Structure formats: C-alpha cells, structure tokens
Amino acid sequence: MTTISQMKRWRTRQIAATILYRICGRIRIEAVPDNYAYDLLVTHLDDNVVFGVKVATSTYMDTIAYRAYVEWLKKEFVPRKNDFKPIVLMCVNEHQETAQIGIQQAWMYNRAITIKKVRLHNATERIWPRFRDNINSMFDTIRSIAIENCYIVRNIGFEMHDIQGGVLFANAIYLRKISDTYKINRRDPETEQERKEALLNVIRQDEYPTDELDRVIEDALGRTFKNLHVQNRILLFTPDITQLQHDIDRFVVHANVLIEPFWGVGVIPPFDNINLTSIGINVYSTERQAIDYIRTQNLFVQHDITSYIPYSVTIEQLKMTMVRAEDVIV
C-alpha cells in the first residue's frame with residue numbers, strides 16, 4: 001500500500017520534473033529509485049551531459065536529514081572523474097509548484113567537492129543558462145557559454161605590507177558586460193610579438209576596453225596599495241568559468257570606493273546635501289591578514305564639485321554594467 005509520505009515524495013518529484021522540462025530545454029529525465037545521492041538523472045540532449053538531481057522540500061536545508069546527507073556525500077560519495085556526475089539540489093515548494101536550485105556537488109581541483117552551503121536560486125528559464133554553463137565547466141569538453149553570460153573579467157592585483165613589513169597580495173575582481181561601447185578594440189599589430197599573438201588570435205591587454213568606472217577603481221586602489229597590475233580576459237568558454245571559480249575561491253572582503261567632491265580654496269560649494277556616489281567591489285586574497293588590512297582602509301577618489309552631479313550620473317549608469325564574480329558562479 002502506498003503511504004502518505006510516499007505519495008508526497010512522488011508528487012514533489014513530479015513537480016521537480018515538470019519544472020526541469022520547462023526551464024532546461026531538450027533534456028531526458030529518468031527516475032533513480034533507492035538512490036540516496038540523487039532522485040532524478042537528467043541528460044541534456046544538446047550537450048550529452050548528465051547530472052543528478054536531489055529532490056527535497058523547501059525546508060530541507062534546515063533539517064537534520066540534510067546535514068546527514070551532506071556528511072554522507074563528503075565521506076561516502078567520492079566518484080572518480082570518469083564516473084562523476086554533478087548533483088543539483090532542488091528544493092520544491094509543493095503548494096506553489098515552484099522550486100529553488102543550487103549546485104550540491106561539483107568537480108573542482110581534480111576531485112568531487114561537496115558544497116557545504118549551497119546557494120539556492122529560483123528555478124527559472126532565466127537562471128538555467130548559468131547553471132548549464134557551470135555544469136558543463138566540470139567536464140573536459142570545451143564549450144562556448146551562453147551569450148548572456150559572456151563578460152570581460154577585470155582582475156586588479158596589488159600589494160600591501162603587514163606590520164612586520166612582509167608583502168601581502170590581493171586581487172579586486174569584477175565583471176563588465178560587453179556592449180557596443182564596451183568591447184574589444186582590435187588594432188593592427190606593430191611588433192613581431194604582436195603579430196605572433198594576432199596569428200594565435202590572442203587578445204592583447206591594450207585591446208581590452210576601459211572607461212571612467214574602471215579608472216576610478218584603479219585610481220582608488222592606487223592611492224592606498226602598491227604595484228597595481230591589471231589583467232583582463234573574456235569569459236567565453238567553460239574553462240573560463242573554472243578559472244574564475246579558482247580566482248575567487250579565497251577569503252573575500254567587500255569594499256566601497258567613494259567619490260568625494262573636491263573644491264579649491266575660496267570656492268563656495270554650489271549646492272548642499274550632496275548624495276555621494278560609491279562603487280562596490282569584492283577583493284580576494286589567500287591571506288587573512290590582507291583581508292583584515294583592506295577592511296580598515298578608506299578607498300576614495302576626488303572629483304571637481306562643479307561637475308560632480310553629472311559625473312555621478314555617468315558613474316551610476318556605468319555601475320549597471322558591473323557584475324560580481326559570485327553572480328556568474330552558481
């Protein structure tokens with residue numbers, strides 16, 4: 001006889017499968033009975049990539065059962081590369097027939113990694129291309145990522161000193177949307193090295209775009225830290241997602257770059273109660289001391305007060321083209 005709990009599990013998995021068919025495109029779903037690791041096996045027919053789906057209730061992550069499941073994955077479910085399948089956690093709201101999804105087990109650093117704190121996202125057609133790109137990045141086949149997920153990655157490395165005089169390193173990393181006004185600016189090679197790079201279709205660093213938003217961030221970091229080095233690249237293929245994941249898998253601090261109004265001696269400010277503009281950036285380091293030091297610093301630049309308002313409007317518009325690295329990695 002079918003119990004109430006069995007009927008509830010069946011209903012939850014039915015909702016999950018319906019949502020997956022709606023958001024994922026061309027897929028095949030197979031039920032996997034008596035499998036503790038995942039309940040559904042999904043094959044993306046266009047990519048020929050297979051992943052498991054653990055179907056649970058909307059409150060599952062707050063339960064003892066979930067903590068036990070995570071511990072079991074960490075200790076008992078350690079597949080080799082050839083047998084590895086990513087696992088997506090899918091928490092279903094049965095009453096609303098909606099779900100949230102997150103990556104529960106991924107392939108990183110040449111081994112299966114169980115994610116202790118899954119970041120859940122609403123399961124929609126809009127979010128799925130990002131999940132698909134992240135799942136595809138766990139396999140050896142190189143694939144193009146979805147066009148809406150293509151960005152220019154700006155990685156600004158810099159140095160600082162601890163109280164003993166030792167050198168600490170950190171990186172401010174953020175992404176910019178590619179557009180008609182923010183794009184690669186190809187130019188004819190001028191040196192033998194540049195000609196070789198052009199033959200290899202290498203994008204030179206001086207061909208990447210930069211604008212006032214980038215300059216403000218660089219100027220603010222340069223006021224406080226030493227030896228800034230800017231490295232640009234395009235987020236274009238699945239290995240680029242893996243590289244970005246490695247770049248941000250470190251200690252992180254959120255910093256704000258403040259744009260302060262400046263006026264000369266004897267100049268009367270033309271207005272009061274200015275709303276100051278700031279730019280938020282995430283900074284990463286392998287060293288906790290670097291993060292602690294950055295947290296104590298005030299990052300700022302100054303701009304002439306006579307044009308502060310239109311300048312702030314420009315910066316606010318450019319900020320809309322910024323994306324955090326964490327918003328690309330699911």
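Every number here is computed from the coordinates shown, using simple stated rules; none is lab data. Quick caveat, the model's predicted, so the values are computed rather than measured. We place every Cβ from the backbone using ideal geometry, glycine too, and count neighbours over all the protein chains shown.
Cross-link candidates for residue 117: which aspartates and glutamates have Cα within less than 13 Å, leaving aside residues fewer than 8 places away along the same chain? Result set, ordered by chain and number: 62, 71.
Exposure proxy ranking for 148, 94, based on other Cβ atoms within 10 angstrom of each Cβ and starting from the fewest, stands as 148, 94. Across the stretch 148-327, Cα pairs under 8 Å and at least six residues apart give a relative contact order of 31 percent. Treating r as the C-beta distance of residue 251 and residue 193 and R0 as 35 Å, the FRET efficiency rounds to 0.45. Output the pairs from 116/183; 81/177; 8/116; 81/183; 8/85; 85/319 with a Cα-Cα distance over 30 Å in this structure; if there are none, say none. In this structure, 116/183; 81/177; 81/183; 85/319 exceed 30 Å between Cα atoms. Look at (1) 184; (2) 212; (3) 166: the one that is volume of the Cα convex hull per residue in Å³ derived from this structure is (2).
Summary value for the chain: 15 percent relative contact order, contacts being C-alpha pairs under 8 angstrom separated by 6+ residues.
Using θ = phi - 60° in the Karplus curve 6.51 cos²θ - 1.76 cosθ + 1.60, the 3J(HN,Hα) couplings for the stretch 274-279 round to 6, 7, 6, 8, 9, 10 Hz; x is entered for Gly and Pro. Listed peptides 205-216, 233-244 appear in the order 233-244, 205-216 once ranked by packing, highest mean of other Cβ atoms within 10 Å at the front.
For the stretch 1-60 versus the stretch 274-321, the spacing of their alpha-carbon centroids is 44 Å. In the stretch 227-330, inverting the average of 1/r over every pair of distinct C-alpha atoms gives 16.5 Å as the Kirkwood radius.
Dipole orientation for the stretch 1-139: of the candidates 106, 124, 89, 106 has the Cα lying most toward the positive pole (charges on Cβ; Lys, Arg +1; Asp, Glu -1).
Taking amide H positions as modeled 1.01 Å from N, with prolines and chain starts lacking one, the residues under 5 Å from residue 260 and 5 or more places away or on another chain are 301, 302, 303.
Expressed in units of 2.2 N^0.38 Å, where N is the residue count, the Cα radius of gyration of the stretch 148-327 is 1.16. Of the options 35, 230, 145, report the single residue whose Cα projects farthest towards the positive end of the charge dipole of the chain (beta-carbon charges: Lys, Arg +1; Asp, Glu -1). Sorting the options by dipole projection puts first 35. Estimated from helical segments only, the mean residue ellipticity of the chain at 222 nm is -9000 deg cm²/dmol, where each DSSP H run of four or more residues counts as -39500 (n - 2.57).
If the only charges are +1 at each Lys and Arg Cβ and -1 at each Asp and Glu Cβ, what is the size of the charge dipole of the chain around the Cα centre, to the nearest 20 debye? It comes to approximately 1360 debye. Taking 0.36 nm per residue of sequence separation and removing the Cα-Cα distance, the residue 94/residue 234 pair yields an extension gain of 46.4 nm. Taking the empirical scaling 2.2 N^0.38 Å for compact globular proteins as reference, the stretch 49-199 has a Cα radius of gyration ratio of 1.43. Based on alpha-carbon atoms, the Kirkwood radius and the radius of gyration of the stretch 124-177 give Rg/Rh equal to 1.22. Oblate is the label for the stretch 1-109, because the ratio a/c of its alpha-carbon gyration tensor axes (a ≥ b ≥ c) is 1.5 or higher and a/b is not greater than b/c. Modelled label positions at residue 28 and residue 275, each set 7 Å beyond Cα in the direction of Cβ, lie 5.5 nm from each other.
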